[in-house]
1. According to a simple spin-label model (label point 7 Å from Cα along Cα-to-Cβ), what is the distance in nm between T93 and D5?
2. Which is the longest stretch in the chain that no exposed loop site breaks, taking sites as chymotrypsin sites (Phe, Trp or Tyr not before Pro) with a DSSP loop state and at most 14 other Cβ atoms within 10 Å?
3. Per residue, what accessible area does segment 91-172 have, given a 1.4 Å probe and all protein chains present, in Å²?
4. Say a paramagnetic label sat at a point 7 Å from the Cα of A113, along Cα to Cβ; which residues of segment 71-85 have their backbone N under 15 Å from it?
5. Exposed loop trypsin sites (Lys or Arg not before Pro) only (DSSP loop, at most 12 other Cβ atoms within 10 Å): please give the longest stretch of the chain free of them, not including the sites.
6. Please compute the net charge surrounding E155, taking Lys and Arg as +1 and Asp and Glu as -1 over other residues with Cβ under 14 Å from its Cβ.
7. At 7 Å along the Cα-to-beta-carbon direction for both I86 and L23, put a label point, then send me their distance in nm to one decimal.
8. On full extension of the chain, what length is gained from D132 through V52, given 0.36 nm per residue of separation minus the C-alpha to C-alpha distance?
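The values are calculated or read from the model by the stated rules, or taken from the named source; none is laboratory data. Treat the numbers as computed from the prediction; the structure is a model and nothing was measured. Cβ: placed from backbone, ideal geometry, glycine included. Neighbour counts: every protein chain shown. Areas reflect the complete protein model, heavy atoms only, side chains present, ligands, DNA and RNA absent. Shrake-Rupley method; radii C 1.70, N 1.55, O 1.52, S 1.80 Å.
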Amino acid sequence: DNWGDASNAAQISASGFAPSNSLESAILVSLPPGAYTAIVSGVGGGTGVGIVEVFEVDHPEVPLTNISTRADVLTGNNVMIGGFVIGGSTRKTVVVRARGPSLAAFGITNPLANPTLTLVRSSDQSVIATNDNWGDASNAAQISASGFAPSNSLESAILVSLPPGAYTAIVS
């Protein structure tokens, strides 16, 4: 809470990734390989729109391999949005998934019944790809062979090679 109150606030500031608002949170930590969860909550039970960002600070040559987010997917401006950046100077092949029905097996009581996924290039808002029901994708065999195919046929997946840049995944 309030990133400037962190014991390593000076390091956070020096990293170049300090939030611009003093009420925002930041954690600068060195982590061994593994799976981690970042949980965002409002102080005193407050609610509203927030964002979780993860940056590789000290070893950009070792890329993060997965970032996932669970959120309520509503309508209009309240769809789920996740952003990512392809760094470097070469294209990267990625799989972006939108899961819903399979989350019931993990105790989620209100999973999204049938997600649709849209991938947008942030620089010009061009839609790169859309998918509803991953098995209907023209490259469904490649998605399956990648090992990242969703377990439920109603879930969405996009496998695509992208040049460096910023992208947004929109789930509705």
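1. 4.8
2. Answer from the scan: 56-172.
3. Per residue, segment 91-172 has an accessible area of 52 Å².
4. 73-75
5. The reported range is 92-172.
6. Net of charged neighbours comes to +1.
7. A separation of 3.7 nm, rounded to one decimal place.
8. Contour length minus Cα-Cα distance gives 26.3 nm.
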